1. Considering only region 113-158, how many residues are among the aliphatic types (A, V, I, L, M), in a helix (DSSP H, G or I) and surrounded by fewer than 16 Cβ atoms within 10 Å (Cβ to Cβ)?
2. Identify the single condition in (1) within 14 Å of ligand 2 (Cβ to nearest atom); (2) acidic (D, E); (3) free of Cβ contacts under 8 Å to residues at least 24 places away in the same chain that E159 does not satisfy, given that it satisfies every other one.
3. Quick one: how many residues across region 145-169 are under 22 Å from L123 (Cβ atoms) and either touching a strand residue (DSSP E or B) at 6+ places or on another chain (Cβ under 7 Å) or among the charged types (D, E, K, R) (or both)?
4. Taking the condition hydrophobic (A, V, I, L, M, F, W, C), surrounded by 15 or more Cβ atoms within 10 Å (Cβ to Cβ) and at pLDDT 95 or above, does I35 pass?
5. Which of the residues belonging to region 184-193 are within 22 Å of the chain's Cα centre (by Cα) and more than 11 Å from ligand 2 (Cβ to nearest atom)?
6. Quick one: in region 43-69, of everything that is within 17 Å of L23 (Cα to Cα) and more than 13 Å from ligand 1 (Cβ to nearest atom), which residue is surrounded by the most Cβ atoms within 10 Å (Cβ to Cβ)?
7. For region 78-91, check the following and say yes or no: at least one residue is within 16 Å of ligand 2 (Cβ to nearest atom) and in contact (Cβ under 8 Å) with a residue 12 or more places away in the chain.
8. Mind listing just one residue for me: the one in region 162-183 that is in a loop (DSSP other than H, G, I, E, B) and among the polar types (S, T, N, Q) and, of those, nearest to ligand 2 (Cβ to nearest atom)?
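The values are calculated or read from the model by the stated rules, or taken from the named source; none is laboratory data. Just so you know, these numbers come straight off a predicted model, no measurement behind them. Virtual Cβ from ideal backbone geometry, glycine too; neighbours counted across all protein chains shown.
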Amino acid sequence: MSKRSLNNTSSNTKAKKSKYWSLGLVDAMKNPDSIVKKTEHCVIIKDKYPKAKIHYLVLPQDNISSIYMLNRSHVKLIEEFGKLFKEIQDEVEVTLRAGFHAVPSMQRLHMHIISGDMVSPCLKTKVHWNSFTTDFFMLFEDVQQQLKENGSIKKISPELHKSLLATELQCNQCLFKPKNMPQLKEHLFIHNK
Ligand code: AMP
Ligand code: ZN
């Protein structure tokens, strides 16, 4: 086999693997061990790599790939996301936030429901941190309002995407600016005693 066809085979395999990986949420929606709650239109699952003590994902049963596919016909669905968020909030003592990543990595529309502690062994990188603590995390309320007013969700520019994920680290509960992730993770314990 020529070098070029070997390279093609390996890049095809990589593309297939990454496509398969990005469909992991669709598989998780069918796995009883992952499911927290199920309704006619939605499923709530546990995030497999939680970035805080409580971290769930709300997904539609319908095959909608992301928030950028939403239109006015989905307002009712998004209202149901809000209702499910409220139900989960009512079940726990701590304050939760609900929102969507501006540039999701996984297929099938999903809304994160996450607690503010951000204490988890799966939270490892600056990108993880900034994806939940900057405007990269589009709050449910803002997305719902945008959908009702405009009938669609506006994409962020590649420049904003890059700069949000590169934002200087700052604690989400005080003004402390850690030098790196290990320092931030150690600092978070002060807030979670
Ligand atoms: P994002 O696409 O950036 O909004 O985030 C995708 C989320 O899905 C991340 O929080 C991951 O930890 C989570 N995740 C990745 N694979 C799985 C899986 N197989 N089951 C449940 N959650 C997953
Ligand atoms: Zn702090």
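1. First, the residues of region 113-158 that are among the aliphatic types (A, V, I, L, M): 113-114, 118-119, 123, 127, 138-139, 143, 147, 153, 156.
Checking which are in a helix (DSSP H, G or I) leaves us with 127, 143, 147.
Going one step further and asking which of them are surrounded by fewer than 16 Cβ atoms within 10 Å (Cβ to Cβ), we end up with 127.
Matching residues across region 113-158 total 1.
2. Among (1) within 14 Å of ligand 2 (Cβ to nearest atom); (2) acidic (D, E); (3) free of Cβ contacts under 8 Å to residues at least 24 places away in the same chain, E159 violates only (1).
3. First, pick out the residues of region 145-169 that are under 22 Å from L123 (Cβ atoms): 161-169.
Still in the running and either touching a strand residue (DSSP E or B) at 6+ places or on another chain (Cβ under 7 Å) or among the charged types (D, E, K, R) (or both): 162, 168.
Of the residues in that region, 2 qualify.
4. Values: hydrophobic (A, V, I, L, M, F, W, C): yes; surrounded by 15 or more Cβ atoms within 10 Å (Cβ to Cβ): no; at pLDDT 95 or above: yes.
No: the conditions fail for I35.
5. First, pick out the residues of region 184-193 that are within 22 Å of the chain's Cα centre (by Cα): 184-185, 188.
Scanning region 184-193 gives a single hit, K185.
6. P60
7. Narrowing region 78-91 to residues within 16 Å of ligand 2 (Cβ to nearest atom): none.
Scanning region 78-91 turns up no residue that is within 16 Å of ligand 2 (Cβ to nearest atom) and in contact (Cβ under 8 Å) with a residue 12 or more places away in the chain.
8. Residues of region 162-183 that are in a loop (DSSP other than H, G, I, E, B), as a first pass: 166-180.
If we keep only those that are among the polar types (S, T, N, Q) as well, we get 167, 170, 172-173, 180.
Numbers: T167: 16, Q170: 8, N172: 7, Q173: 4, N180: 15 Å.
Checking each candidate, the answer is Q173.
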